[in-house]
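First the structure, in the form of structure tokens, and then the observations on it.
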Amino acid sequence: MTATATHAPVTDEHAPVTSEDTPSAGGLAGLLSSGDHKTLGRMWILASLLLGGFVLVCGLLLHLERADLPALEVFAGIESFRQVFTLYRVGLIFLFVVPLWIGLATHLVPLQIGARGVAFPRAAAASFWGWLTGAGVLIASWAIDGGLVAGGEQRAVELSLLSFAMVVLSLLGATAVLLTTMCTQRPAGMSLERMPLFSWSMLVTGAVWLLSLPVLVANLVIMWVDLRGPSAARFGSGHNLFEQVSWVFDQPQVFVFAIPVIGVVGEILPVSFGAPQRRRGLMLSLVGVAGVFSFGADLQRFFNPTAQTTPLYVVSGIVVALVVLGLLGGWADLGRSARRFPRPSGHLAVAMSALGVLVFAAIAGFIRVLGGAVGFLRSFARHNESWQADLDRALAPLDDLRGTMAGAGLLDLVAMAAVLGAVAGLFYWSPKIFGRRASHAAGFGTAAILGAGGLLVGLMGLIAGFLGQPERPSASFSSAGAEVVAVLAAIGAIGVLAGLVVVVIVTLRGGAALGKGASTVPDPWGGHTMEWFAASPPPVDNFGDEPLAPVRSAHPLWDAPAPTTGERGDS
Amino acid sequence: MSEPAAAATELVAPAVAPRRRTLQVGTGFAAAAVLMYFGGLLGVYFSERADFLRANPGQSWIPAGARIELTAPTVMAWTLLLSVVTMQWVVHATKRDDRRHTLIALVVTAMFGVAVINQTAFQYRQMGLTIDGGSLAAPLIYTISASHLALVTVALAYLFVMAIRTLASPVPSVHLDGMSAAALLWHVMVFLYLVIWVGLFVTK
């Protein structure tokens with residue numbers, strides 16, 4: 001390295017350890033005791049993908065049951081259906097989407113900001129193992145007749161509540177480690193506005209998680225305490241359990257799980273176009289605005305039945321849609337300064353697929369809040385009966401969306417956008433994660449199958465909502481045409497599962513290659529952010545043992561003299 | 001290291017030490033999460049109490065037979081307020097490498113913390129409040145006060161760990177970051193008790 005780094009070694013007692021002072025254990029012992037953020041990131045990613053497969057199978061079963069096929073009786077009764085329904089919701093977000101983002105961020109964020117590791121390596125490891133243990137107990141508790149439903153075995157339900165809290169607390173621990181890393185481990189010159197868009201989006205997302213998910217833990221603890229008594233007063237009553245946590249899976253909170261998609265797309269597009277992002281400050285601000293308006297802990301329908309007609313709820317849906325529109329405009333602007341037309345690649349295809357699903361999610365969110373806006377419009381027209389009647393007729397379909405499958409459709413769209421975004425990141429940063437580039441063919445296949453499947457599942461949910469199908473499982477479940485919609489959703493769910501299988505195979509093959517010592521060029525795509533400065537895969541301390549020189553722009557590698565093609569890789 | 005990557009660093013000035021106060025920042029994030037956790041608990045409490053009083057005008061939110069005395073919570077509030085002063089005394093003494101004063105202030109602060117745990121146990125015996133499904137107030141009051149009790153215990157454990165690190169060091173001020181982080185969590189704990197004192201016990 002020829003860096004002009006002349007400063008004395010840093011003596012920060014909490015600074016991450018370097019390769020020189022870390023005895024590296026190999027094999028399983030090394031894996032279990034590792035505090036290296038890259039190893040932890042890989043473990044988060046693989047575990048969340050595997051658990052995600054299990055959760056998606058639950059989702060498929062729900063769609064098959066809703067399809068009401070004559071030769072297929074999936075669940076024995078409505079209670080089993082409710083159990084799997086709640087497990088799917090909880091698992092989709094807390095066993096799949098959130099840990100997948102945390103895995104990607106744990107691996108990438110220190111590299112992107114030029115840090116040598118995470119701020120608290122042992123806390124990061126404890127968070128992963130705590131989450132994995134909690135996830136195992138959570139699934140087991142559901143299997144032994146627990147879950148957030150009425151009629152379950154009381155001790156199993158208590159176990160479900162505690163394991164759910166453990167999962168959330170572990171995710172919060174990992175989030176706090178990431179946030180601290182971003183705040184304290186940045187090298188000189190890496191100001192917040194120079195942080196790569198993915199790291200910035202994780203900073204915003206992590207901050208909203210850190211401020212909203214403790215409220216979820218508070219809900220769970222109240223339920224658990226109430227359930228411990230001889231009879232539950234209100235909070236521990238079976239019918240109320242899932243209702244108290246349902247705000248996490250609804251607008252506006254649900255959007256916070258997809259904000260990092262913006263970061264991944266915002267990393268891939270400028271590199272594909274070979275041009276820096278214009279109006280970067282505006283893009284960063286839009287991510288921040290999306291984060292602020294995704295905070296939903298104050299809009300709990302269980303405690304405030306009119307939460308979905310409050311101005312904040314309506315405005316949040318509109319703002320998120322406008323933010324997505326603004327981001328699309330920002331990325332379209334890239335074409336004006338592009339140095340080259342993007343070469344088709346697996347990660348670009350998956351990123352575009354994620355962006356497409358995210359746009360549909362924003363539209364779905366916008367449509368849903370219009371139902372809340374009906375209340376406003378009625379209050380404006382309260383002095384004119386004729387206007388009120390006209391409004392009632394015109395807006396009835398939107399008003400009736402509340403409590404229907406439209407909410408499930410939105411959740412599926414957001415979750416699928418998030419999964420696609422994370423998979424795009426996995427393909428894009430595969431040289432750093434696995435020491436080799438993921439197959440472009442696999443990327444194209446994933447983009448097509450996972451994208452189409454996710455879109456189909458989400459859109460069918462929306463259509464089922466317009467058909468008046470209720471979101472919660474109930475005896476009077478089906479409505480006209482709902483079976484066809486459910487069959488199409490089941491086909492979409494099969495597509496999503498097939499796409500996930502491809503991703504798992506890519507991940508396992510990448511892990512196997514890494515185990516055999518695979519390595520590739522540091523910067524195969526011509527990237528501009530700090531992670532492409534490190535070797536692929538990076539060493540334990542990421543950038544070698546010398547201190548990094550200060551960063552002077554948001555594109556530190558593009559500030560360097562233009563490299564030759566051979567040095568950048570052949571892709 | 002690739003040539004273009006190395007070239008990128010040649011354009012820039014020498015490096016400087018990265019930011020410090022890692023423990024304070026990490027504790028700050030943890031404290032923010034703790035504040036939101038109690039925000040969630042208190043939000044549910046106030047919302048449910050308001051709904052109950054609206055639906056049952058003239059009735060007491062606290063169930064019949066239960067006694068919520070103000071004496072013990074007020075003593076706890078004053079005890080914790082005093083501990084804020086002694087906690088800052090710890091930080092000040094650590095900063096000045098004054099090992100003797102650090103130790104004295106630590107012991108006094110820890111004693112205040114243990115006294116609060118003791119008083120909470122006394123209050124639980126005195127209240128006669130049971131979680132039996134008959135009252136919404138009981139599970140909420142126990143959840144909030146027991147959560148705070150857990151927070152006092154965590155703050156004490158954190159203080160203990162930082163005390164060991166600081167006092168075992170030849171230069172205590174090296175561990176000022178850790179001690180300040182423990183003080184931050186302590187102050188948040190005290191602030192939360194004052195909110196609980198007013199919300200749960202003074203206004204009942």
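No value in this document is a laboratory result; all are computed from the given coordinates. Worth saying up front: this structure is predicted, and the values here are computed from it rather than measured. So basically every Cβ, Gly included, is an ideal-geometry build from the backbone, and we count neighbours across all protein chains shown.
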Kindly provide the GluC sites (Glu not before Pro) of the stretch A:30-135 that DSSP labels as loop, not H, G, I, E or B, and whose Cβ sees at most 13 other Cβ atoms within 10 Å. A:E73
Would you please name the trypsin sites (Lys or Arg not before Pro) within the stretch B:95-201 that are DSSP coil residues with at most 13 other C-beta atoms within 10 Å of their C-beta? B:R96
CD proxy, 222 nm, chain A: helix-only mean residue ellipticity via -39,500 (n - 2.57) per DSSP H run with n ≥ 4, per residue, nearest 500, stands at -21500 deg cm²/dmol
Among GluC sites (Glu not before Pro) in the stretch A:94-198, those in a DSSP loop whose Cβ has at most 15 other Cβ atoms within 10 Å are A:E153
If you place +1 on the Cβ of every Lys and Arg, -1 on the Cβ of every Asp and Glu, and leave all else neutral, what size is the dipole of the stretch B:22-202 about its Cα centre, to the nearest 20 Debye? 300
Apply the Karplus curve 6.51 cos²θ - 1.76 cosθ + 1.60, θ = phi - 60°, to the phi angles in the stretch A:188-200 and return the couplings in whole Hz, x for Gly and Pro. 4, x, 7, 6, 4, 6, 8, 5, x, 4, 5, 5, 4
FRET efficiency for B:D132 and A:E193, using Cβ-Cβ distance with R0 set to 51 Å, rounded to 0.05: 0.35
Around A:T520, which amide H atoms from residues at least 5 apart in sequence, or from another chain, sit under 5 Å from its own amide H, with H modelled in the peptide plane? A:S536
Which of B:I104, B:I141, B:I117 moves most in a GNM of chain B, Cα contacts under 10 Å? B:I104
Summing Lys, Arg as +1 and Asp, Glu as -1, what charge do residues with Cβ under 15 Å from the Cβ of B:R67 carry, B:R67 excluded? +1
Using a Förster distance of 22 Å, the FRET efficiency for A:S553-A:S285 (Cβ separation, nearest 0.05): 0.75
Would you mind checking which residues have amide H under 5 Å from A:D541's amide H? H placed 1.01 Å from N; only 5 or more apart, or other chain. A:S19
How would A:H528, A:H555, B:H92 line up from fewest to most surrounding beta-carbon atoms within 10 angstrom? B:H92, A:H555, A:H528
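Considering only the other residues whose Cβ falls under 14 Å of the Cβ of A:A415, what net charge follows from Lys and Arg at +1 and Asp and Glu at -1?
On the way: positive: A:R89; negative: A:D250, A:D412.
Cβ neighbours under 14 Å give a net charge of -1.
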Phi-based couplings in Hz for the stretch A:171-185 (Karplus 6.51, -1.76, 1.60; Gly and Pro marked x): 5, 5, x, 4, 5, 4, 4, 5, 5, 5, 4, 5, 7, 10, 9
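Quick one: pull the percentage of alpha-carbon pairs in the stretch B:54-204 with a separation above 26 Å. Kindly include the intermediate steps, with their values, before the conclusion.
Details: 3949 of 11325 pairs.
Tail fraction, whole percent: 35.
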Which listed residue (A:A422, A:G288, B:G134) has the Cα farthest towards the positive end of the charge dipole for the protein assembly as shown, taking +1 on Lys and Arg C-beta and -1 on Asp and Glu C-beta about the Cα centre? A:G288
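Taking 56 Å as R0, compute the FRET efficiency from the Cβ-Cβ separation of B:V107 and A:R472 and round it to 0.05.
Numbers: r = 56 Å, r/R0 = 1.00.
With a Förster radius of 56 Å, E is 0.50.
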Rounded to whole Hz and in sequence order, give me ³J(HN,Hα) for the stretch A:258-271 from the Karplus expression 6.51 cos²θ - 1.76 cosθ + 1.60, θ = phi - 60°, writing x for Gly and Pro. 10, 4, x, 4, 4, x, 5, 4, x, 8, 6, 4, x, 5
By the scheme Lys and Arg +1, Asp and Glu -1, what is the net charge of all other residues having a beta-carbon under 13 Å from that of A:Q83? -1
Cα-based Rg and Dmax for the protein assembly as shown, in Å, come out at 27.2, 83
Taking H placed 1.01 Å from N in the peptide plane, check which residues at least 5 places from A:E471 or on another chain put their amide H under 5 Å from its amide H. A:T404, A:M405
